[in-house]
Structures are given as C-alpha cells and as structure tokens.
Amino acid sequence: MKEVNKIQIGRYIKQKEGYKTFTPFPFPPEEGFPLNSRLYKKHEQAIRLVGKLDGITRLLPDKDFFLLMFIKKDATYSSQIEGTKATLQDAVAAPVTEEKARLRPDVDDIVHYVDAVNYGIERTKTLPISLRLIREIHERLMDGARSTQHAYPGEFRRSQNWIGGKTPENASFVPPAPVDMHASLNDLEKFIHADDEYPSLVKAGLLHAQFETIHPFTDGNGRTGRMLVALFIHHAQLLELPVLYLSSYFKKYQKLYYQKLQEYHDEDSRVDAWLEFFLEGVAEIAESSIETCAQITALRDRDFAKMQQLGKKSAASTLEVVRKLFGQPIIGVAEMMKWTGFSKQGAYNVIERLIKLNILEPLGDAEYGQKYIYADYYEIFDEEFKALRKKAKK
C-alpha cells in the first residue's frame, strides 16, 4: 500500500494549444487514500470537537437567528479570500433599509453568498448533494453578481480556465480541459455518496480539494467549494445545525491554504499535508464555535433577564425584538417599524428603551439614516470590532 504522500491523483497533459492541463485520474484512486496515524489522531481530535459543538447547538434556542450570523461571517471571509474588501459589519448592515439603495458591489458579493448558502441549506432537505445542487448554488452565487469574467451562473465551463498568470502558459495551475472535466465531476459525485470507510471529515477535506482541482466554473469556484464543506458536514449528519464554516480559517492562513491546495493537485500530490491542514482547521473552528455558542447563551440569558424591568406588555414586545436582533444585530428605524408594526415615533421609543437597557447603542453619528447595533452580541463574531470597542472604552 502506498504512503499517502506518494499517491498520484492526476498528471499534466499537453493540449494542442501548447499549454498543459492537470487531468485527474479516476477518483478516488483504486488503492484508496491510506491514512497514517498522525491523520487519524488529528481526525479524532476534530470529530470530538465537532460532536461537542453539535451537542451545544442542539440546546441553543432561536437557532435560525443565530445561524444567520455564522453564515454572514463565513460569507465575508470567503469573499475576502477572493479579494472583496467589504467587512463583516458591511455585510451585517447590508439588509438595513437605508443601506440597500447604496449597496457597494463588494458588499453585494457577500449578499449573494449568504443567499446561496441559505438556499443550499434549504435545498438539501429535498435534494442530495449532487452536481445539480452544485450548479444551483453557483447560480445563486453568481447570478446578477459582479464577476472577473463571464460567470455563466449555474453552468459548468465550456472553455479553459486557469489560476494565476495572464495565460495558461504562465499560470500557477491549469485545471483539466473541458473535455476531461466531466468525467472528474462524475467521479466526485459518486465519491460523495459512496459507502466507503473514509472518516467523514477526511471525506469533506478530499471533496473540497478535488473540487478546487477540477475548477468546473469560469468564476466562483473557491466560494462554491467552501460552501460545499459546510453542506457536506451537515449532509453527513455530523451537525444538526450547519454552523461549521472554515472560511475564517482559510483567510487567516490564506497563503498556506493556497500552498496546501497547490501541493494536493500536483503530480507528486501531498494529500496528507492538505488533510492535516484541513483537519486542524475543523478542530480550530469547532473549538471557536463552541466558545461562540457559550457566549451567545450567556448573553441571551443576561439580556432576557432585563425584560423583567419592564411592564408585562412592553416586556413581551421588547423580547421579540431582541430575538430578531440575534439574526440582524444592526438596524435602522425602518426595521424597527417593520418588526413591531409601530409608527416612527413608537419605533424610536422601543430603540430608546433598548438603549437604556444597554442592549442597543448608536452606530456612528449619522445625521440621517442613523443605525443602531446590538454591540455586545455583534462583537462575539467580530474580533476587530471588539478590540476597537474595548479601546474606545479606555
């Protein structure tokens, strides 16, 4: 049996145009991907933390509201990997009525990503992870979004693409030619559903790396491939609530992320090095998400207790507003009017009540279109905002 790092997953084939494309062999290889003891140990640690995360999220109340913030955070980092400059705060503020009319293109990237993930989560209830689902998610991601080239939303490419460089001749990586790509995609789809002995998280790592190797779209491959990781982990029933998103880890170690993927799709493939990096990421993000869930629960209990200071009628309506803030922690007066059905003055009164309870605070000092933020909650997801806020309080 070959060592993992000696497995060959493909080879470079010269095309008639003169450049070489990396063409995958049948996947997975007939002899399989043997896993060394170090990988098993890393998988054991990662799967233990994922199990712990699953247990905690099952106990979370208001799950759907909290899930939105996990998705928006992933959407931000995944888009930033592709060069988007927008921040998490931009992404969270995007649905606010006053922001919609002047939505920047880079923020719109994130809005499309959030829509695609939400669509994918809902769609997997009736459709298994498949090439069809991948195309549908890509269509949601790219339809109407800005693109570095013609994206052809929801369609696998019919022309050659490449990574880095201005032409395939000087590119850092050239995926399979379209004529070879479809066989590789079919292998990938079969691999997803195969009844094999690969540990689920290892399979998730192989799925992502192989998808990026095939690079089946003209644009949006990285973001689509990162969505697939979360959807597959959910599909494998490791998490009831899909809250494990790796884009912040990949962004944190972006150069290493690209390096490990490059080593994976090489004629001397380092599958083991990629899987180690991936499993370390799962463990790191699972541990971080566990802490996030603990902070959310503590904050929710603290702020719901504040409702006891209010009269019965005010407490009920204010509590419902706070629940909505877990999904949309940055709002304007228009959102408060929609949520409560109150007049403009009534909405202002609710906002003032929440400011007095130290739940909301003004975001910036805008004269028009003032926004408000549930800062203690938002900073759980945004370390930079937390640090700036802490500095401002000194």
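Which of the residues belonging to region 346-382 are in a strand (DSSP E or B), within 17 Å of T318 (Cα to Cα) and among the aliphatic types (A, V, I, L, M)?
The answer is I373, and nothing else.
Listed residues K251, K255, K324; which is without any contact (Cβ under 8 Å) to a residue 60 or more places away in the chain and among the charged types (D, E, K, R)?
Answer to the selection: K255.
Residues to consider are F191, F232, F217; find the one that is outside the structural domain of G327 (by TED's automatic domain parsing) and within 18 Å of T57 (Cβ to Cβ).
Working: F191 fails: within 18 Å of T57 (Cβ to Cβ); F217 fails: within 18 Å of T57 (Cβ to Cβ).
Sole residue among the options that is outside the structural domain of G327 (by TED's automatic domain parsing) and within 18 Å of T57 (Cβ to Cβ): F232.
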For this session: State all residues of region 20-44 that are at pLDDT below 95, closer than 20 Å to L185 by Cβ and surrounded by fewer than 14 Cβ atoms within 10 Å (Cβ to Cβ); if no residue qualifies, say none.
Result: E30
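Taking region 267-289 as the region of interest, how many residues are crowded, with 17+ Cβ neighbours inside 10 Å and either in a helix (DSSP H, G or I) or not hydroxyl-bearing (S, T, Y) (or both)? Show your work before the answer.
Taking region 267-289 as the starting set, the residues that turn out to be crowded, with 17+ Cβ neighbours inside 10 Å are 269-272, 274-279, 281-286, 289.
With the extra rule that they be either in a helix (DSSP H, G or I) or not hydroxyl-bearing (S, T, Y) (or both), the set shrinks to 270-272, 274-279, 281-286, 289.
Of the residues in region 267-289, 16 are crowded, with 17+ Cβ neighbours inside 10 Å and either in a helix (DSSP H, G or I) or not hydroxyl-bearing (S, T, Y) (or both).
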Exercise. When you look at K14, is it surrounded by fewer than 14 Cβ atoms within 10 Å (Cβ to Cβ), at pLDDT 90 or above and of a type outside the set (V, I, T), yes or no?
Worked result: yes
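For region 33-63, give me the residue count where each residue is of a type outside the set (S, T, N, Q) and not in a helix (DSSP H, G or I).
Of region 33-63, the ones of a type outside the set (S, T, N, Q) are 33-35, 38-44, 46-56, 58-63.
Checking the rest, the ones that are also not in a helix (DSSP H, G or I) come to 33-35, 59-62.
Residues flagged as of a type outside the set (S, T, N, Q) and not in a helix (DSSP H, G or I) within region 33-63 amount to 7.
D301 - would you say it is in a helix (DSSP H, G or I) and of a type in the set (D, E)? Talk me through it step by step, then tell me what you get.
On the way: in a helix (DSSP H, G or I): yes; of a type in the set (D, E): yes.
Against the criterion (in a helix (DSSP H, G or I) and of a type in the set (D, E)), D301 qualifies.
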Exercise. When Y152 is evaluated against the numbered criteria (1) modelled with pLDDT of 95 or more; (2) among the hydroxyl-bearing types (S, T, Y); (3) not in a helix (DSSP H, G or I), which criterion, by number, is the only one it fails?
Worked result: (1)
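Could you check how many residues of region 339-358 are charged (D, E, K, R) and either outside the structural domain of V321 (by TED's automatic domain parsing) or surrounded by 13 or more Cβ atoms within 10 Å (Cβ to Cβ) (or both)? Quick ask: steps written out before the conclusion?
Step one: filter region 339-358 for residues charged (D, E, K, R), giving 344, 352-353, 356.
Now narrow it down to the ones that are either outside the structural domain of V321 (by TED's automatic domain parsing) or surrounded by 13 or more Cβ atoms within 10 Å (Cβ to Cβ) (or both): 353.
So the answer is 1.
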For this session: Residue by residue through region 208-237, note down the ones that are assigned to a helix (DSSP H, G or I), closer than 22 Å to V114 by Cβ and of a type in the set (A, V, I, L, M, F, W, C).
Result: F211, M227, L228, V229, A230, L231, F232, I233
Problem set entry | Filter pass, Q259 being in a loop (DSSP other than H, G, I, E, B) and either surrounded by fewer than 23 Cβ atoms within 10 Å (Cβ to Cβ) or outside the structural domain of G32 (by TED's automatic domain parsing) (or both) | no
Problem set entry | Search result, residues across region 289-305 that are within 12 Å of L53 (Cα to Cα) and touching a residue at least 24 places away in the same chain (Cβ under 8 Å) | S289, I290, T292, C293, A294
Problem set entry | Extreme residue, nearest to L59 (Cα to Cα), among residues of region 263-291 that are of a type in the set (S, T, N, Q) and at pLDDT 95 or above | S289
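Can you find a residue that is in contact (Cβ under 8 Å) with a residue 24 or more places away in the chain and either assigned to a loop (DSSP other than H, G, I, E, B) or out of contact with any Gly (no Cβ under 9 Å at 6 or more places or on another chain) (or both) anywhere in region 386-394?
Within region 386-394, the first condition is being in contact (Cβ under 8 Å) with a residue 24 or more places away in the chain, and the residues that meet it are none.
Within region 386-394, none of the residues are in contact (Cβ under 8 Å) with a residue 24 or more places away in the chain and either assigned to a loop (DSSP other than H, G, I, E, B) or out of contact with any Gly (no Cβ under 9 Å at 6 or more places or on another chain) (or both).
Yes/no per residue for (1) small (G, A, S); (2) closer than 22 Å to A273 by Cα; (3) touching a residue at least 24 places away in the same chain (Cβ under 8 Å):
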site: I121; (1), (2), (3): no, no, yes
site: L131; (1), (2), (3): no, no, yes
site: E155; (1), (2), (3): no, no, yes
site: R158; (1), (2), (3): no, no, no
site: N161; (1), (2), (3): no, no, yes
site: G165; (1), (2), (3): yes, no, no
site: A177; (1), (2), (3): yes, no, yes
site: H208; (1), (2), (3): no, yes, yes
site: I214; (1), (2), (3): no, yes, yes
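The values are calculated or read from the model by the stated rules, or taken from the named source; none is laboratory data. Please read these numbers as outputs of a predicted model, since none were measured by experiment. Backbone-built Cβ (ideal geometry, glycine too); neighbour counts: all protein chains shown.
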